[in-house]
1. What pairs come up if the first residue lies in segment 5-16 and is under 11 Å from Met83 (Cβ atoms) and of a type in the set (A, V, I, L, M, F, W, C), the second is surrounded by 16 or more Cβ atoms within 10 Å (Cβ to Cβ) and at pLDDT 95 or above, and their beta carbons are under 6 Å apart, counting only those six or more places apart or on different chains?
2. When only residues in segment 88-113 that are among the aromatic types (Phe, Trp, Tyr) and under 15 Å from Ser21 (Cβ atoms) count, which is least open to solvent (accessible area, probe 1.4 Å)?
3. Restricting to segment 77-111, count the residues that are without any contact (Cβ under 8 Å) to a residue 24 or more places away in the chain and either within 13 Å of the chain's Cα centre (by Cα) or over 16 Å from Asp44 (Cα atoms) (or both).
4. Residues in segment 60-87 that are touching a Lys or Arg at 6+ places or on another chain (Cβ under 8 Å) and either open to solvent by 70 Å² or more (accessible area, probe 1.4 Å) or closer than 20 Å to Glu6 by Cα (or both): how many?
5. State the number of residues belonging to segment 14-31 that are outside any loop (DSSP other than H, G, I, E, B) and open to solvent by 70 Å² or more (accessible area, probe 1.4 Å).
6. Across segment 1-13, what is the number of residues that are over 19 Å from Gly103 (Cβ atoms), more than 13 Å from the chain's Cα centre (by Cα) and open to solvent by less than 30 Å² (accessible area, probe 1.4 Å)?
7. What pairs come up if the first residue lies in segment 32-59 and is open to solvent by 70 Å² or more (accessible area, probe 1.4 Å) and hydrophobic (A, V, I, L, M, F, W, C), the second is modelled with pLDDT under 95 and assigned to a strand (DSSP E or B), and their beta carbons are under 8 Å apart, counting only those six or more places apart or on different chains?
Amino acid sequence: QVQLVESGGGLVQAGGSLRLSCAASGRTISTYTMGWFRQAPGKDREFVAGIRKLGGTTNYADSAKGRFTISKDNAKNTLYLQMNSLKPEDTAVYYCAARWAIGVVTTPDEYEYWGQGTQVTVSS
């Protein structure tokens, strides 16, 4: 199985940028379809972006399109989320997740492995 550790969160002003990283160990991330999710206080965990393990097709939530970019470096066994033009409503704990099946799906329950999360706070 794979272990996931997120980093790169922090406090940023609205309009700023952050790059989140998700370092994997145990197995290579090329074996999995990977996703980024986020959870704000009092809200359900929601899909942000995903990247398919075969072909590398990416999918984004409407809230992330045009501002966030998901990518991975198989050699470093690391998943990334570049976040630009951040808004206060992007404030949440961000999690990376992995699933064995091929397709990118938006339902958290479909992902078998999760990191511990990294806090992103965007001030207005």
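The values are calculated or read from the model by the stated rules, or taken from the named source; none is laboratory data. Values in this document were obtained by computation on a predicted structure and should not be read as measured data. Ideal geometry is used to build each Cβ from the backbone, glycine not excepted, and the neighbour counts take in all protein chains shown. Ligands, DNA and RNA are excluded from the accessible area calculation, which covers all protein heavy atoms including side chains. Shrake-Rupley method; radii C 1.70, N 1.55, O 1.52, S 1.80 Å.
1. Val12/Leu18; Val12/Leu86; Val12/Val122
2. Tyr94
3. Of the residues in that region, 0 qualify.
4. The total comes to 8.
5. Within segment 14-31, residues that are outside any loop (DSSP other than H, G, I, E, B) and open to solvent by 70 Å² or more (accessible area, probe 1.4 Å) number 1.
6. 2
7. Note: no pairs meet the criteria.
One line per residue, one yes/no per condition, for (1) touching a Leu at 6+ places or on another chain (Cβ under 9 Å); (2) at pLDDT below 95:
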{"site": "Gly10", "(1), (2)": "yes, no"}
{"site": "Gly16", "(1), (2)": "yes, no"}
{"site": "Cys22", "(1), (2)": "yes, no"}
{"site": "Ala40", "(1), (2)": "no, no"}
{"site": "Lys53", "(1), (2)": "no, yes"}
{"site": "Thr58", "(1), (2)": "no, no"}
{"site": "Gln82", "(1), (2)": "yes, no"}
{"site": "Ala92", "(1), (2)": "no, no"}
{"site": "Arg99", "(1), (2)": "no, no"}
